[in-house]
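All remarks here apply to the structure that follows.
The values are calculated or read from the model by the stated rules, or taken from the named source; none is laboratory data. What you see is a predicted model; the values in this text were computed from it and never measured. Cβ placement follows ideal geometry from the backbone for every residue including glycine, while neighbour counts extend to all protein chains displayed. Remember, those area values only see protein heavy atoms, side chains included, never the ligands or the DNA or RNA. Shrake-Rupley method; radii C 1.70, N 1.55, O 1.52, S 1.80 Å.
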Amino acid sequence: MRRLLPGLFLLAALSGCSRKESAPAPTPPPASAQAPGAILFFSADTRGYLGPCGCSENMRGGIARAAFQIQEARKGALPVLYVDGGDSLFGSPTLKPDQVPQEERKARALAESMKRMGLVVRAVGELDDTRGADFRRGLGLPELEPGGVKVLPAGKREVGVVSASDAAGLKQASAKARAQGADFVVGLFHGTLEEAQRAAATPEPGVDLVLATHTASEFDGEQNKLTRDAVPVVGLQSKGRSLLRVDLAYGAKPGPFTPQKTAEDTEREAASIDRRMALLDKEINLPGIAPELKSLKQQKREELVARRQALLTAPVTATGDTDSFSVRFVPLESNLASSPEAVAVVNAYDADVGKMNLEWAKAHGQDCPAPEKGQAAFVGSAACADCHKETFPVWEASKHHRAIETLVEVGKQYHLNCTGCHVTGWEQPGGVCRLDKMAGRENVGCESCHGPGSLHVEDPSSDNITARPGQAVCVTCHNRENSPHFDFATYVPRILGPGHGQPQEVKRKP
């Protein structure tokens, strides 16, 4: 499903970039070997996202926000380790030729950001190999091949990170990690949450925590999930919208790690805040909400974010002589701070990608195929004006009429992830297939909703046009990623008016 829409933030980029990428920041010196605990951060299933994509308020995500969380944690006395679970560099296993430059450039930006965040190890998923293993290895990231083991110092204890895709592999890799001195072992399981649960439920899997790093489809990772089985299993919200934070607290003597009971109380309180925030988000995104009311609700939401953030970053200490750990999700909300260094990486990407995409289109672009005989073609909104003058004031007052402007304002009018929902007839027969040939088809015009209109212009009839578009038309762009609060019955009246879905006012003679 396409990922597009207005006001979006980051996405798309190209290869062959001549810009010299800045050197990654030096790795911070290791924390004291006597530290009484450690903090682990995990990302997974990022699917090539540098930032959120969508037109709704309060969109989660962004590598720069993730970087800030890790930087803040490193200001404390405990060692901090950042691990990535894989399936992070690309969003699709295959790319069309025009997507290659953009997506390779984006993968490089993600890799540079991860290095700056002090990435210590990452697993590899098939979405990381979209451009081949040589391209992936060329990014210079610290990789953990399937079945691999990495043991890392973490204060008074050592943390093992293992990669597996089945129960036998998980058990075998965990045994290797323990043999190499790992006190706490995390399994990066390349599979779904359900598959990871089954693998962790086998007798003595050897791990303390399992992170399911893979989702079955693009929209299967919409929520953070934690199952408190004998071995906790985590499913992390995809597309870089949340981090997983694991706090280790060391007791007087090394021993088996047990989940902290107080973490459950934190989880319940955070979940309660989440529910309140979800209600506020729905209200804030209501079309036509009064600006004053929206501002008040937004302020309340930011207060809730601050409360939850305090819960999620509060220090964790041992409650007795035993080693323990807690698991917390850190949603990367829109009002959280961003790392300036990571913002610079993203801005460099944004500056490159539009120019690169446009150059590629001019050199290699192909026009859309012509409509087949008897099939309607796109004619542009101007062709509708002669017979439907009364509808144009309604359309011109809508955001659809200035859809391309919302991209121009943020410099993304040539980002392939964005344009499809901001022009009319994108990649359709007789429509727009080249970024350098969008003239006359900008914005969400009449034919975006009602279909190509050449046959209707020649012979006006309700049989050769979509007179009343249904929800299926809207959700091609207003999908649950780009417009998570979209409700057809609520939103459609906002684009209707006299002469456009509503009766015209009849002027009576005095």
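Looking only at region 302-342, count how many residues are over 30 Å from Ala111 (Cα atoms) and either open to solvent by 40 Å² or more (accessible area, probe 1.4 Å) or over 24 Å from the mean Cα position of the chain (by Cα) (or both).
Total meeting the criteria: 12.
Scanning region 287-301 for residues that are within 20 Å of Ile495 (Cα to Cα) and either under 24 Å from the mean Cα position of the chain (by Cα) or touching a residue at least 24 places away in the same chain (Cβ under 8 Å) (or both), which turns out most open to solvent (accessible area, probe 1.4 Å)?
The qualifying residue most open to solvent (accessible area, probe 1.4 Å) is Gly288.
In region 359-399, what residues are more than 15 Å from Cys433 (Cα to Cα), among the hydrophobic types (A, V, I, L, M, F, W, C) and assigned to a helix (DSSP H, G or I)?
Ala382, Ala383, Cys384, Phe392, Val394, Trp395, listed by residue number.
Filter region 165-197 down to residues that are touching a helix residue (DSSP H, G or I) at 6+ places or on another chain (Cβ under 7 Å) and open to solvent by 10 Å² or more (accessible area, probe 1.4 Å) and give me whichever is nearest to Pro256 (Cα to Cα).
So, considering only residues that are touching a helix residue (DSSP H, G or I) at 6+ places or on another chain (Cβ under 7 Å) and open to solvent by 10 Å² or more (accessible area, probe 1.4 Å), the one nearest to Pro256 (Cα to Cα) is Ala167.
Pairs only if they're at least six apart or on different chains, beta carbon under 6 angstrom, first in region 231-247 and farther than 11 Å from Leu211 by Cα, second crowded, with 24+ Cβ neighbours inside 10 Å and among the acidic types (Asp, Glu); list them, first residue then second.
Ser238/Asp45
Scanning region 198-216 for residues that are open to solvent by 50 Å² or more (accessible area, probe 1.4 Å) and assigned to a loop (DSSP other than H, G, I, E, B), which turns out farthest from Gln172 (Cα to Cα)?
Among residues in region 198-216 that are open to solvent by 50 Å² or more (accessible area, probe 1.4 Å) and assigned to a loop (DSSP other than H, G, I, E, B), the one farthest from Gln172 (Cα to Cα) is Ala216.
Residues being among the acidic types (Asp, Glu) and within 17 Å of Pro331 (Cβ to Cβ): count how many of those fall in region 259-308.
6
Which residues, taken from region 50-91, are open to solvent by 30 Å² or more (accessible area, probe 1.4 Å) and touching a Gly at 6+ places or on another chain (Cβ under 8 Å)?
Cys55, Arg74, Leu78
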